[in-house]
Each structure stands twice: as C-alpha cells, then as structure tokens.
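Here's the structure we're looking at; comments come further down.
A short reminder: the numbers here are calculations on the coordinates, not readings from a lab. Note that the coordinates shown come from a computational prediction; the quantities given were computed from them, not determined experimentally. Every residue, glycine among them, receives a Cβ derived from its backbone with ideal geometry; neighbour counts consider all protein chains shown.
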C-alpha cells in the first residue's frame, strides 16, 4: 500500500478516517451476518419445511374444495338421472343396511373382550391427543401421492 497522498487529494483528517473505519466495520458486520445466515443450514431447512407445510395446507384445501364440488355435482347428476323406483329401492336397502349394521355393532360390542376394548380406547385417545400432527401428516402424504401420480401420467 502506498502511504503517500495521491496527486491533488488532501490528506484525510482523523475524523474522516474514523468515519471510514466505522463504515467499513458496519459493512464487514453485514457481510459476516449474511455469511452466517447462509451457513445456518438448520434454520434454512426449517424455513423450507415451513414453506412446504404452508404450500401443502393450501394445496390440500384447494384439492379438497375441488373434490367436494365434483362429488356434489356427481351426486346431483345421479339424483337427477335416477328413476324414482330405483331411488325408493335404494332408500329401502340403505335403511335395512343401517339396521343390520347397528345390530352387528351391538353384537361386536357385547362379544369384544375388555382388554381389546381398553386398547382401542387408548388408541382413540392417542389419536385425539395428536389430531393435528396426524392430519398434517395425512395431508402431506396425500399431496405427495397426488404429485407422484401426476408425474407418472406425464
């Protein structure tokens, strides 16, 4: 480095040198912060996971809404095109199926050992306790399966 002043430039005063040093330190601090942020892989992964979660929830809501609309439309079309005698027979069959299922449920409840009933109750309690993580996991799995399926069809 050349310590002699250049041609027409006056020698900087100590205050000016202090300002330059402070400015350089500030820029250096910002550079160090930026490098530390790039090196923090854990926080980057957590941010990416949060973004993916948000995207998965939004995509799930969109797909669910679309499926619900499609199902309602299909149900309305089926209802409009089904003759009345067939609707009556289906209603009668559904009523019979409901009563048969109720009887089967009563028989199963009466004949199920207490140990099995306790274990099922514990499993249901655990599922209720961890409902949100289970639903998020199911939603993520559903989105991943849909993405995988859509990639296969391309």
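Can you compute the helix-only [θ] at 222 nm over the chain? Use -39500 (n - 2.57) per DSSP H run of at least 4 residues, normalise by all residues, nearest 500 deg cm²/dmol.
Dividing the helical sum by the residues of the chain leaves -31000 deg cm²/dmol.
Based on the Cα gyration tensor of the range 61-111, what are the three equivalent ellipsoid semi-axes, each the root of five times an eigenvalue, rounded to whole Å and given largest first?
Equivalent-ellipsoid dimensions as semi-axes: 30, 21, 4 Å.
Using Cβ counts within 10 Å as a stand-in for footprinting exposure, how do 153, 23 rank, fewest first?
Going from least to most buried by this count: 153, 23.
On full extension of the chain, what length is gained from residue 116 through residue 41, given 0.36 nm per residue of separation minus the C-alpha to C-alpha distance? Working shown, then result.
Working: separation 75, 0.36 × 75 = 27.00 nm, distance 4.62 nm.
Between residue 116 and residue 41, full extension yields 22.4 nm more.
By how many degrees, between 0 and 90 and to the nearest 10, does the Cα long axis of helix 114-129 differ from the longest principal axis of the chain?
40
Between the helical axis of 41-81 and the dominant principal axis of the chain, each derived from Cα atoms, what acute angle in degrees is found, rounded to the nearest 10?
Relative to the chain, helix 41-81 is tipped by roughly 30 degrees.
Mind running the shape call on the range 77-154? Use the C-alpha gyration tensor, a ≥ b ≥ c as the square roots of the eigenvalues: rounded below 1.5 for a/c, prolate if a/b tops b/c, oblate otherwise.
On the way: a/c = 3.27, a/b = 1.05, b/c = 3.12.
Since a/c reaches 1.5 but b/c is at least a/b, the shape of the range 77-154 is classed as oblate.
Enter the per residue convex hull volume of the range 1-106, computed from alpha-carbon coordinates, in Å³ rounded to the nearest integer.
254
Quick check: the angle from helix 14-39's long axis to the longest principal axis of the chain, C-alpha only, nearest 10 degrees?
Value to nearest ten degrees: 30.
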